[in-house]
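Have a look at the structure below, then the notes.
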Amino acid sequence: MAVSKDDQLKDLLSSDRFSVAAYLNLALNDEDDQQQRMAELALQLQMQTQSCHEEIGKIGAELQAILPRCSADIGRVGVGLEGLRIDAASLLENTAIDTSEGVSSSLETLGILHALEANLQRSKEILTAAATWDTTLSSIAPLLAQQNISEAVNALAQLENGERALRGMPNPEEREEAIAKVRQQVSTMLQPQLKHALANMNTRLAPLQQCVTLYSKLNKMDALKDEYIKNRPSGLHKSWFDFKMVYDEQDTDKAASEFMAWLPAWYENVLSLMSEERRQSTTIFGTAMVPGILVKVLWECFRPLLSSFQSRLENIYSSDPARPNKGSFDSICTLYESTLQFLSLVYESVANCWIDITESGTVPEDDGLKLYRDLSHIFIQVLAPFSAYQKNLPNLEAHYMAGHTEPVAKQIQQAVMTVSSSDFESLQHATYNLQNMAHFIFPLAEGSLGRFELLNAGYGPTKALSTIDHVLGNHADELSMAVKSLSAAMAAGEKQLVSSFDDSHVLCTLGVLKVAGTFRRNVKVLEKKTFDRLRLLRERIETHGSRERGIEDTAGSSSSKKAFTLPDSLSLVEIDSIVTKAVCGENEGLTTAATALQRLIDAEDNAGRLFVEAEEATQRLMKSCQLFIHDVCSSIPRQYIAEMSSMSSWREGSESATDTSYGILPQPYINHIGEHLLTLVQALEPFTSDREALSLANDAMLDVRDIALEPWREFVLGTGYSVESSTSFWSPGSNVIREIMEGTCFTGLTLGGAPIDDDADAGTDEQTSDEAAKTAFCDSWLDVVGLSVTGRLLDRIVHIPSLSSKGCDHLSADLNYLVNVFSALGIAGHPHPLLGHISVVAAMDATELSEQIQARDRSDAVGGFLYVLEMHVAKLRGIL
């Protein structure tokens, strides 16, 4: 018996094998008009749905009636007699089974009907979409022709809903192609409207809001936001490119100063735009999108300008050290710092916006972690034009400081070129200029440290400090060479200097000590400041590293949005740390940078130096200044001593005309020497009246006695004593020449004369600290000059060709006079024991001297030297 199609459709609806495709294929497989058939099916499905609803309602009513009665029966049985408990339980079990079977059957029927309803609803959607597809599609073209974009968008949305309903149906490509075509047409029609709305959004927001609604329906909000963001800072872009930098090779600072004055005003305009954007974005896009929009607008403000920004910086001061630069590197640093300040204000504006939104209960589209990372990335990009300066900083610093130091080096050389020993004013002018130029380098060095802190923030400290160290050392060497030139000028005209010598020469030459003292003191101050800066930079790097690790841990957490707290502000230092880590830390991690800084900091605790080259050059400068003063102060004794070994008086016979009834008198040369030493005290004292000058000079008095070593070395060699072969006899590590010069080793071993007076300063206990400092300074120079004169005199004595008996008397008288002079001066360590010893040895008769030499204990180093000295004097006398 044939089954009708309606029965087949009913059977399929209640079948487990039901599918929408099978149902439609069965319903439409005849040759009737499909549109008519579709309408009939829709009507039948509607009727069937109504029937299902009625059946479901009926079953539900029955269930509501059955379940309460069952519950009541169970309750009555449960409160029966205890004696009938087993029977009641059995009855309850039977009743429950019967009830369960009834309920189960009803629920199964309800489930089938619910599935049927869902299938019918789905079928209705599909049939409705299929029935209206062509009508909706054909209605869009007239709407677009009429510029009715709003209705066209609604129709497109209806088409897209239909396409989703018909997925799985035949010919999906045709539907997708049709929707894509319509979408393209609508988007094309929307573009002019959007551009018009964007162009006039400063006066009217309604058209733009309408575009937002339409683009939202089209799921094209990203495209609209991109167009909006590109258009937003157009005025700022125009302002940037309208500003023209005028470059003048003769006045390179003009362009820099104009740009430095203009840029902060442009940054103010950006901040104003960001403030306005917060209000406008809230109106257009809604509160949740505002922080993300602000970040994108900020980036769009700079994106097209970065290459122009870098070009302007390069025209102010090139980042290539090989290129000649006439501009100011400080201008670049000023612009960098100005940009950091601007970015700090921008961050605060965006962060406060995000915090205000979250506190109001709204959930922003971008979470705090994403916002922080996006802003950090933008900061790095905005400051990218400065990256070449940051990477090349040591070389740029060397080039920049060389441009400042080379002209000064020429000035230093010119300051001493015209000095003459006969022209006291030229000497005075030269020393004054050197004092002024000694300060010059330190502000430049501090500026270099500041640029290192700003641009590199502690990365690569060794190279940066090495550059500064080298420049300091070069400047000290320039000063040292200038002082040596002064010494050479004085030596070239020593005869004129001796003839015109007075106290003013001493006072003037002592002024160069202030050059060395100033330089040495400033190096120490600079080192102290540098150590402090290095500690701050290490703390900055460690703090930034801790923050970065916290962010990484938060990003790896499953609850990162809740765990991360967006900072409400970032300081210039914090933003600089972000940027310098990205630029300078790519080859040097945070740990490596902190370790390098700590290694330099540890040098202070270990009495190390940061500026080793500068320290060595400072020592050379001090030594040059000390030698210059020594050469001037000892010029008169040096001239008289120079020719004394060839004087004829050493070979005089016993009937010499120089004999007097008073005995042998000191010769003129030794009188001049003694008088000079005695008057030198008065020449030194005026300088000590200036406390500041004295303080600076004392800073340059380190190891001042060493400048007297050279004549003593010549004296020891002149005696025939071999220092190299006798070193093993002296104390390990001792300097033989120094020990002989200091004279303390001869205590109790020499003849004649008082021992070295180590208590010469005993009377200074009653002096004030200022008076003691003045006395100590004068005594130091009297000591040095005295040692030098003594050593040079002894050297000339051992070079006398021969000594007659009368010559020995002259020598003894001369030395005794000098011993008396030193005793009168009252300087610790003077007179030297060898002066009295040689005086006695020269006066001894031949037999006594021979016995003295034979009795000399040569088992120790000092005795061995005295033996050689006594043998040498004996040979001069012709005794051996």
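For (1) in a helix (DSSP H, G or I); (2) buried (at least 19 other Cβ atoms within 10 Å of the Cβ); (3) touching a helix residue (DSSP H, G or I) at 6+ places or on another chain (Cβ under 6 Å), each residue gets a yes or a no:
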{"residue": "Ser338", "(1), (2), (3)": "yes, no, yes"}
{"residue": "Ile355", "(1), (2), (3)": "yes, no, no"}
{"residue": "Gly361", "(1), (2), (3)": "no, no, no"}
{"residue": "Leu371", "(1), (2), (3)": "yes, yes, yes"}
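Arg323 passes every criterion in (1) without any contact (Cβ under 8 Å) to a residue 24 or more places away in the chain; (2) closer than 30 Å to Asp222 by Cβ apart from (2).
Reported count of residues in the stretch 414-425, each being surrounded by 18 or more Cβ atoms within 10 Å (Cβ to Cβ) and among the hydroxyl-bearing types (Ser, Thr, Tyr), is 1.
Of everything in the stretch 41-64, what is charged (D, E, K, R) and at pLDDT 70 or above? Give them in sequence order. Hits for the stretch 41-64 are Glu54, Glu55, Lys58. Scanning the stretch 488-536 for residues that are touching a Ser or Thr at 6+ places or on another chain (Cβ under 7 Å) and of a type in the set (Phe, Trp, Tyr) gives Phe501, Phe519. Has the stretch 553-564 got any residue that is part of a helix (DSSP H, G or I) and either at pLDDT 90 or above or surrounded by 19 or more Cβ atoms within 10 Å (Cβ to Cβ) (or both)? For the stretch 553-564, residues part of a helix (DSSP H, G or I) and either at pLDDT 90 or above or surrounded by 19 or more Cβ atoms within 10 Å (Cβ to Cβ) (or both): absent.
Using the structure shown, decide if Ala464 is under 30 Å from Leu335 (Cα atoms), touching a Phe, Trp or Tyr at 6+ places or on another chain (Cβ under 9 Å) and buried (at least 21 other Cβ atoms within 10 Å of the Cβ). Please lay out each step first, then the result.
On the way: under 30 Å from Leu335 (Cα atoms): yes; touching a Phe, Trp or Tyr at 6+ places or on another chain (Cβ under 9 Å): yes; buried (at least 21 other Cβ atoms within 10 Å of the Cβ): yes.
Yes: the conditions hold for Ala464.
Leu479: part of a helix (DSSP H, G or I), under 26 Å from Phe531 (Cβ atoms) and touching a Phe, Trp or Tyr at 6+ places or on another chain (Cβ under 9 Å), yes or no? In short, yes.
Scanning the stretch 298-317 turns up no residue that is acidic (Asp, Glu), within 21 Å of Tyr389 (Cα to Cα), touching a Gly at 6+ places or on another chain (Cβ under 7 Å) and not in a loop (DSSP other than H, G, I, E, B).
Selection of the stretch 709-729 for residues being at pLDDT below 60 and hydrophobic (A, V, I, L, M, F, W, C) yields only Phe729.
Report yes if Ser546 is among the small types (Gly, Ala, Ser) and closer than 27 Å to Ala603 by Cα, otherwise no.
yes
Any residue in the stretch 390-413 that is surrounded by 15 or more Cβ atoms within 10 Å (Cβ to Cβ), at pLDDT below 90, assigned by TED's automatic domain parsing to the domain that holds Val573 and more than 23 Å from Ala614 (Cα to Cα)? No, that holds for no residue. Filtering the stretch 457-495 to residues that are within 30 Å of Gln390 (Cα to Cα) and among the small types (Gly, Ala, Ser) leaves Ala457, Gly458, Gly460, Ala464, Ser466, Gly473, Ala476. Are any of the residues in the stretch 436-443 in contact with a Pro (Cβ under 9 Å, 6 or more places away or on another chain), assigned to a helix (DSSP H, G or I), modelled with pLDDT of 90 or more and crowded, with 23+ Cβ neighbours inside 10 Å? Looking through the stretch 436-443, none of the residues is in contact with a Pro (Cβ under 9 Å, 6 or more places away or on another chain), assigned to a helix (DSSP H, G or I), modelled with pLDDT of 90 or more and crowded, with 23+ Cβ neighbours inside 10 Å. The number of residues in the stretch 244-274 being at pLDDT 85 or above and surrounded by 13 or more Cβ atoms within 10 Å (Cβ to Cβ) comes to 15. For the stretch 784-801, the criterion of being modelled with pLDDT of 90 or more, of a type in the set (A, V, I, L, M, F, W, C) and in a loop (DSSP other than H, G, I, E, B) is met by at least one residue. Looking only at the stretch 814-832, decide whether some residue is farther than 30 Å from Leu627 by Cβ, in the same structural domain as Asp703 (by TED's automatic domain parsing), touching a helix residue (DSSP H, G or I) at 6+ places or on another chain (Cβ under 8 Å) and of a type outside the set (Ser, Thr, Tyr). Within the stretch 814-832, one or more residues are farther than 30 Å from Leu627 by Cβ, in the same structural domain as Asp703 (by TED's automatic domain parsing), touching a helix residue (DSSP H, G or I) at 6+ places or on another chain (Cβ under 8 Å) and of a type outside the set (Ser, Thr, Tyr). Please work out which residue is surrounded by the most Cβ atoms within 10 Å (Cβ to Cβ), limiting yourself to the stretch 303-336 and to residues that are polar (S, T, N, Q) and more than 23 Å from the chain's Cα centre (by Cα). In this case the residue turns out to be Asn325. Just so you know, in the stretch 611-649 the residues that are surrounded by 23 or more Cβ atoms within 10 Å (Cβ to Cβ) and under 24 Å from the mean Cα position of the chain (by Cα) include one that is modelled with the highest pLDDT, and it is Ala614. Every test in (1) assigned to a helix (DSSP H, G or I); (2) within 32 Å of the chain's Cα centre (by Cα) is passed by Gln280 save one, and that test is (2).
Okay, residues lined up against (1) more than 30 Å from Ser308 (Cβ to Cβ); (2) in contact with a His (Cβ under 8 Å, 6 or more places away or on another chain); (3) acidic (Asp, Glu):
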| site | (1), (2), (3) |
| --- | --- |
| Gln414 | yes, no, no |
| Asp423 | yes, no, yes |
| Leu427 | yes, yes, no |
| Leu444 | yes, yes, no |
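Could you list all residues from the stretch 575-590 that are at pLDDT 80 or above and surrounded by fewer than 20 Cβ atoms within 10 Å (Cβ to Cβ)?
Restricting attention to the stretch 575-590, the residues satisfying the condition of being at pLDDT 80 or above are 575-585.
Hit for the stretch 575-590 is Ala582, nothing else.
The values are calculated or read from the model by the stated rules, or taken from the named source; none is laboratory data. The structure presented is a predicted model; accordingly, all values stated were derived computationally and were not measured. So basically every Cβ, Gly included, is an ideal-geometry build from the backbone, and we count neighbours across all protein chains shown.
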